[in-house]
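The structure appears below as structure tokens.
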Amino acid sequence: MAETVWSTDTGEAVYRSRDPVRNLRLRVHLQRITSSNFLHYQPAVQPGKDLIDLATFRPHPTPSGHRPDEDEEEEVVIGWQEKLFSQFEVDLYQNEAACQSPLDYQYRQEILKLENSGGRKNRRIFTYTDSDRYTNLEEHCQKMTTAASEVPSFLVERMANVRRRRQDRRGMEGGILKSRIITWEPSEEFVRNNHVINTPLQTMYIMADLGPYGKLGYKTSEHVLCTLKVDSNGVITVKPDFTGLKGPYRIETEGEKQELWKYTIDNVSSIAQPVEEERERRVFKDLYVRHKEYLSSLVGTDFEMTVPGALRLFVNGEVVSAQGYEYDNLYIHFFVELPTINWSSPAVQQLSGVTQTCATKSLGMDKVAYFSYPFTFEAFFLHEDESADALLEWPVLYCEVLSLDFWQRYRVEGYGAVVLPATPGSHTLTVSTWRPVELSPVAELRRFFVGGSLELEDFSYVRIPGTFKGERLSRFGLHTETTGSVTFRLHCLQQSRLPFRAFLESSSLRKRMRSVLDRLEGFSQQSSIHNVLEAFRRARRRMQEARESLPQDLVSPSGTLVS
């Protein structure tokens with residue numbers, strides 16, 4: 001008996017194809033394993049002896065024309081979503097009373113045509129397409145694990161009603177999404193369609209009826225040979241994978257008479273001709289060119305550049321949350337202060353903002369208010385001071401946290417400030433705040449019952465006031481209390497243009513630009529590029545000077561050496 005190498009890897013394989021899925025063709029070969037498949041023995045015929053012909057013991061052909069030995073092996077080529085009827089479906093749809101849907105009546109007409117033309121060509125191998133009931137039931141009742149006694153969890157039960165297939169989007173719900181930001185009473189179907197990633201997906205099952213000879217057409221004898229899933233992105237999922245060079249897969253039936261079957265799955269899709277591939281390549285190339293032109297039209301041809309020696313700062317920020325404050329219903333007033341020297345912003349630029357009023361929620365020992373309030377601004381830095389001792393200043397973000405009571409009276413909960421990051425990228429900053437207090441119970445009672453409290457006339461007093469001109473700032477006599485903290489999320493972008501030609505023309509401009517680049521932390525990479533170019537120019541100048549100092553007969557190409 002020969003050894004058969006079985007393929008035990010029945011996991012799914014994922015492919016991606018740009019070709020239409022209708023060109024997919026699979027060849028499925030199914031065979032029952034018997035002793036005759038392994039041992040081929042033929043007795044020698046002795047002349048002069050009457051031997052009984054072995055054909056006498058062969059069963060007679062069935063009414064369909066198939067012999068049992070032919071019924072043990074079958075090979076079928078199947079296309080994508082090609083319907084092959086099983087014996088169960090043939091018996092079912094011949095009865096008109098069993099038809100309930102238009103698809104059932106369509107299957108009935110096709111089966112009657114097959115019967116009139118000589119019967120179906122397949123015997124054991126059949127298919128379930130994306131429209132069949134089996135596909136709906138299989139996706140609804142599929143298990144998450146291989147355990148026999150699996151108990152579905154709450155998530156599995158909820159997700160069982162969601163099919164990652166083509167679902168009908170009703171125009172009414174689409175209109176609701178456009179007109180309403182929040183749906184206060186969402187329906188169950190609305191939740192299924194809008195809160196689950198729903199990629200259009202089509203499914204097909206290749207099945208086999210492994211019932212005993214003469215007893216085909218029972219649902220208990222149906223086994224899944226292969227599952228095919230194709231989504232709208234051209235991703236094809238095959239379970240199990242194509243056989244290829246691996247051994248065949250095996251199926252062992254259960255029951256009184258256990259039988260062993262083997263089957264193979266091969267991709268026999270027709271290969272595109274060179275002419276078709278070239279045509280397809282030209283079509284995709286034209287498509288990509290048109291898409292590139294479309295994207296270019298959206299961006300525009302003019303890219304706004306900064307002036308030489310200037311820095312442009314973009315900040316896309318978000319007021320994330322505030323926590324640790326005494327009262328509820330918080331809102332934040334914030335603004336950005338630009339240094340008076342070398343910094344500027346567009347005239348229409350708004351450098352301040354106020355968030356919405358947000359109620360707090362308990363998170364551990366603290367009360368947190370989540371704002372998720374976005375803001376954006378831009379500023380320009382132009383280094384006009386030629387002095388190397390000038391101190392570089394950076395914009396500062398100030399914030400004031402206030403609370404609102406039932407009578408619409410506000411209280412100051414804290415002040416804070418933070419210097420904007422000097423490096424581009426994403427940054428999360430936590431600003432600790434404080435508020436001025438009076439050392440008397442009357443002030444706290446007035447703050448609780450009447451509202452109002454001590455306030456700063458100038459927000460810049462949180463750091464260094466803009467009107468301060470001395471050398472030492474004294475806050476002696478100011479009583480403060482530490483309150484909570486505010487979290488900001490900032491996405492900083494920096495834009496500049498290095499004037500390479502100006503480096504050769506103006507030494508003062510070169511010195512000014514080098515000073516800016518060396519002192520800005522966010523331009524370390526550009527500073528390195530500048531240093532490399534400077535080193536290259538110095539080496540080139542030394543090479544030219546050395547070349548000019550050599551005799552002309554050695555430098556000239558026509559020069560000759562005289563011994």
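Filtering region 354-373 for residues that are under 21 Å from residue 458 (Cβ atoms), open to solvent by 10 Å² or more (accessible area, probe 1.4 Å) and either in a strand (DSSP E or B) or among the aromatic types (Phe, Trp, Tyr) (or both) leaves a non-empty set.
Scanning region 327-353 for residues that are touching a Ser or Thr at 6+ places or on another chain (Cβ under 7 Å) and outside any strand (DSSP E or B) yields 327, 328, 329, 338, 351.
Would you mind finding the one in 245, 228, 216 that is surrounded by 15 or more Cβ atoms within 10 Å (Cβ to Cβ) and part of a loop (DSSP other than H, G, I, E, B)? Spell out the reasoning first.
Numbers: 245 fails: surrounded by 15 or more Cβ atoms within 10 Å (Cβ to Cβ); 228 fails: part of a loop (DSSP other than H, G, I, E, B).
Just a single option satisfies the conditions, and that option is 216.
Does region 431-445 hold any residues that are open to solvent by 20 Å² or more (accessible area, probe 1.4 Å) and touching a Phe, Trp or Tyr at 6+ places or on another chain (Cβ under 8 Å), and which are they? Correct list: 434 only.
Considered as a group, the residues in region 74-127 that are open to solvent by 50 Å² or more (accessible area, probe 1.4 Å) and among the basic types (Lys, Arg) include one that is nearest to residue 207 (Cα to Cα), and that residue is 121.
Just one of the numbered conditions (1) over 30 Å from residue 75 (Cα atoms); (2) at pLDDT below 65; (3) open to solvent by 40 Å² or more (accessible area, probe 1.4 Å); (4) among the charged types (D, E, K, R) is not true of residue 173: (3).
For every residue, the table says whether it meets (1) exposed (fewer than 11 other Cβ atoms within 10 Å of the Cβ); (2) farther than 30 Å from residue 225 by Cβ; (3) more than 31 Å from the chain's Cα centre (by Cα); (4) modelled with pLDDT of 90 or more.
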site: 253; (1), (2), (3), (4): no, no, yes, no
site: 265; (1), (2), (3), (4): no, no, yes, yes
site: 286; (1), (2), (3), (4): yes, yes, no, yes
site: 296; (1), (2), (3), (4): yes, yes, no, no
site: 299; (1), (2), (3), (4): yes, yes, no, no
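Every condition in (1) open to solvent by 50 Å² or more (accessible area, probe 1.4 Å); (2) over 13 Å from residue 376 (Cα atoms) is met by residue 338 except one, and the failing one is (1).
Among the residues of region 7-60, count how many are farther than 22 Å from residue 228 by Cβ, loosely packed, with under 12 Cβ neighbours inside 10 Å and at pLDDT 55 or above.
Kept after step one, since they are farther than 22 Å from residue 228 by Cβ, are these residues of region 7-60: 32-60.
Going one step further and asking which of them are loosely packed, with under 12 Cβ neighbours inside 10 Å, we end up with 35-36, 38-60.
Next, only the ones that are at pLDDT 55 or above stay: 35-36.
Residues in region 7-60 being farther than 22 Å from residue 228 by Cβ, loosely packed, with under 12 Cβ neighbours inside 10 Å and at pLDDT 55 or above: 2 in total.
Candidates are the residues of region 446-473 that are modelled with pLDDT of 75 or more and in a helix (DSSP H, G or I); the one that is most open to solvent (accessible area, probe 1.4 Å) is 461.
The values are calculated or read from the model by the stated rules, or taken from the named source; none is laboratory data. This one's a predicted model, so the numbers in the text were calculated from it and none came from an experiment. All Cβ positions, even for glycine, are placed from backbone atoms using ideal geometry, and neighbour counts span all protein chains on display. Note: areas computed on protein heavy atoms with side chains; ligands, DNA, RNA excluded. Shrake-Rupley method; radii C 1.70, N 1.55, O 1.52, S 1.80 Å.
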